[in-house]
Amino acid sequence: MINDHGLMPFSDRGHTMTINPIDQIQRRQVVVATRETLQRAEELFGHKFQLPLVSFDLTGRTAGMYRVRQRRQEIRYNPYIFGKYFSDNLANTVPHEVAHYLADELFGARNIRPHGTEWQAIMCKLGVKPAVTCQYDLSGIPQRRQRRFDYACGCTTQAISTVRHNRVQGGRGSYLCRLCRQPLVFMG
């Protein structure tokens, strides 16, 4: 069963257990924590920072993401992972994503690596361990199921991801079998 967001709930032996996303009060707490982290950064760096757009539309295995799209800066949070691990995400994911925003503002995203020395220094200055990933049990967190497409070669059939399938169909990529080195051909 797929929900309104195109996500499937976790299923374990026929029992469905879905984590609820954070509510409006918790979302406000996350926005406040984001704003407070920025204010702390203003004091530390002697620089004024604008609060970027904060949204709660991230799904899947990622707790947070900073991105710039069409020159609009945005911090995205996963309301389901926050729903399961609220305190930890407030303490770690919020400053992690704010640090990406700060690194972009201070150094320019094109000039640095995403989790490079500049980002790590910002995390340390904010008083947070510069961890790149978190180790959460994601049971009950809705996740997208990517469709697979069958391709054949000289020796077998293989299922490839939607992204690779679209690259092949759009003429932007081709793939070889790792065993026989023959091109993979769509069977559909």
Set of aspartates and glutamates near residue 84 by C-alpha distance (under 15 Å), chain-local residues within fewer than 8 positions excluded: 23, 137
Candidate lysines for bridging to residue 48, where Cα separation is under 24 Å - those fewer than 8 sequence places away on the same chain excluded: 125, 129
Sorted peptide list for 170-179, 82-91, criterion being average Cβ within 10 angstrom, highest first: 82-91, 170-179
Cysteines having no other Cys beta carbon under 4.7 Å from their own, within the chain: 124, 134
Förster-model FRET efficiency, 41 Å R0, residue 39 and residue 133, C-beta, rounded to 0.05: 0.95
The chain - percent relative contact order, Cα under 8 Å, separation 6 or more: 21
Cα gyration tensor, region 108-188 - rounded (a/c under 1.5), prolate or oblate: prolate
Listed candidates (1) 0.95; (2) 0.99; (3) 1.28 - label of the one calculated as Cα Rg over 2.2 N^0.38 Å: (3)
Net length gained if the chain between residue 156 and residue 185 were fully extended (0.36 nm per residue, minus Cα distance): 9.3 nm
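Every read-out reported here was derived from the displayed coordinates using simple, explicitly stated rules and does not represent laboratory data. Computed from a predicted model, the values in this text were never measured in an experiment. Cβ: placed from backbone, ideal geometry, glycine included. Neighbour counts: every protein chain shown.
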